[in-house]
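Everything on this sheet refers to the single structure shown next.
Coordinate-derived values only; no laboratory data. Just so it is clear, the structure is predicted and the values come from calculations on it, not from any experiment. Methodologically, a virtual Cβ is constructed for each residue, glycine included, from the backbone with ideal geometry; neighbour enumeration extends over all protein chains shown.
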Amino acid sequence: MASRRLFVTTALPYANAPFHIGHMMEYIQADIWVRFQRMQGHEVHFMGADDAHGAPIMLAAESAGKSPELFVAEIARGRGRYLEGFHLGFDNWHSTHSAENTELSQDIYRRLKAAGLVYVKPVEQFYDPVKGIFLADRYIKGECPNCGAKDQYGDACENCGTVYTATELKNPYSTLSGAAPVLKSSEHHFFRLSDPKCRAFLKQWLEAPGRLQPQVVNKAKEWLEGTGERALADWDISRDPPYFGIRIPDIEEEKYLYVWLDAPVGYLASFKNYCAKKGLDFEKLLQDPKTEQVHFIGKDIIYFHTLFWPAMLKYAGEPYKVPDHVYVHGFITVSGDKMSKSRGTGISPLRYLEIGMNPEWLRYYIAAKLNANVEDLDFNPDDFMARVNSDLVGKYVNIASRCAVFINRKFGGRLAAAPQDFAFSAKAGEIAALYEQREFGKALREIMALA
């Protein structure tokens with residue numbers, strides 16, 4: 001089998017809070033796949049980073065009486081306890097608030113502008129007259145213009161999935177002050193996502209066999225091929241001050257890149273930072289056709305990763321390259337309910353470790369429920385205990401314990417070579433294929449059947 005080179009990432013967690021169980025599910029999924037690839041002898045570079053920019057962080061820092069820089073640095077210092085505690089083998093963990101991300105984000109912006117894909121036009125946007133700031137989309141709520149669902153944020157509807165501008169919301173209000181926002185005009189920078197060449201490229205990229213799960217292709221095509229009010233729109237990539245982020249380069253006016261432009265660039269920034277540490281040529285590795293770029297993400301950010309991100313990379317040109325695969329998973333629920341702090345349905349990964357629970361139990365339980373589809377996964381405490389006791393203790397540990405005693409007593413603690421018809425050897429190829437396909441639940445069922 002030919003050796004592969006894989007550049008693998010997970011979605012960047014927002015640096016305004018500690019990790020939750022949803023983060024752990026994604027990291028465990030990616031970590032298992034990365035471990036498998038390494039066991040196959042492949043070269044893997046596994047990158048992570050904090051998404052450290054945007055109005056929510058600026059405002060959270062303000063509430064905490066800290067600078068945004070100090071606020072995100074304190075969050076970053078707490079990441080290691082989770083990553084090490086759950087045996088997650090990232091090669092590098094970085095931040096979008098970094099020199100590498102500033103350099104790469106501004107470079108991509110300049111390249112897109114030079115390609116004729118960035119333009120400026122005046123935009124009326126909501127302004128909070130009480131707080132005295134332009135409102136980021138996530139600080140405006142109202143009724144969805146498509147389905148009418150109440151209390152939806154200003155960028156996308158969590159009920160129907162429609163993406164829209166905040167000014168399209170019905171009965172909007174500021175979540176910061178409760179005041180009805182007023183419209184003010186400002187010059188904004190746009191990426192021409194609707195350009196015919198972008199649309200043609202995205203259609204070809206989406207249809208590449210094996211690149212995306214079928215459910216993801218279908219959803220992305222709904223957005224790409226929409227008409228009328230649902231037509232693919234150009235993307236507003238700028239924000240007005242005050243804002244915690246990366247300045248738009250080469251202009252006198254103070255403007256910032258929208259966090260969703262610089263956040264995915266954080267994958268590349270972490271890789272660049274890692275390459276510098278290891279003495280590797282970042283640009284050479286990144287643009288090498290042999291390097292496969294693979295992203296693991298949740299289903300809530302499909303739009304950004306299957307439309308904006310590949311189009312940005314395509315038209316930024318070398319050394320940037322479009323993703324080879326984007327693997328999407330569903331959400332994690334707890335006993336059938338969405339995670340909610342107010343309802344007490346969340347699970348704290350750190351608390352799990354602090355009370356002495358074995359991280360391998362959670363890794364196994366999540367793996368046993370994961371598959372290659374975009375399906376939600378439910379954590380049920382009773383089912384968790386039953387699986388740990390029956391599978392890990394009753395089978396895995398029990399077999400190892402019994403065999404260890406028998407081998408020591410009868411064979412002096414020495415094992416002979418496995419016979420050619422050994423059941424595990426006969427199933428090895430099938431199980432390996434399941435791991436490659438991210439069908440971890442099926443792989444573990446096959447393994448437990450052999451046990």
Spread of Cα-to-Cα distances over 20 Å intervals beginning at zero, given as percent, for the chain: 22, 55, 20, 3, 0
Any chance you could get the radius of gyration and Dmax over the Cα atoms of segment 246-341, in Å? 16.6, 53
Kyte-Doolittle at least -1.0, axis length at least 18 Å by Cα - qualifying DSSP helices, the chain: 21-39, 259-278, 398-411, 423-436
Among the listed pairs Lys203/Lys369; Lys278/Lys321; Lys338/Lys395; Lys197/Lys219; Lys66/Lys299; Lys255/Lys314, give every one whose C-alpha distance is greater than 26 Å. Lys203/Lys369; Lys338/Lys395; Lys66/Lys299
Given points 7 Å out from each Cα along the Cα-Cβ axis, report the Lys121 to Lys290 separation in nanometres with one decimal. 4.6 nm
The chain: relative contact order from alpha carbon pairs under 8 Å, six or more residues apart, as a whole percent, is 18 percent
Calculated from DSSP H runs of 4 or more alone, at -39500 (n - 2.57) each and per residue, what is the 222 nm mean residue ellipticity of the chain, nearest 500? -12000 deg cm²/dmol
Around Pro145, what is the net charge, scoring Lys/Arg as +1 and Asp/Glu as -1 over all other residues with Cβ under 9 Å from its Cβ? -2
Would you mind counting up the charge near Phe36? Only other residues with Cβ under 13 Å from its Cβ, with Lys and Arg at +1 and Asp and Glu at -1. +1
Take segment 28-109, compute every pairwise Cα distance, and split them into 10 Å bins from 0; I just need the percent in each bin. 15, 36, 31, 15, 3
Reduced to Cα centres, the span from segment 315-374 to segment 147-181 in Å works out to 27 Å
Over all Cα pairs of segment 380-450, how is the pair count split among 10 Å bins, expressed in % and running from 0 up to the last occupied bin? 17, 34, 36, 12, 1
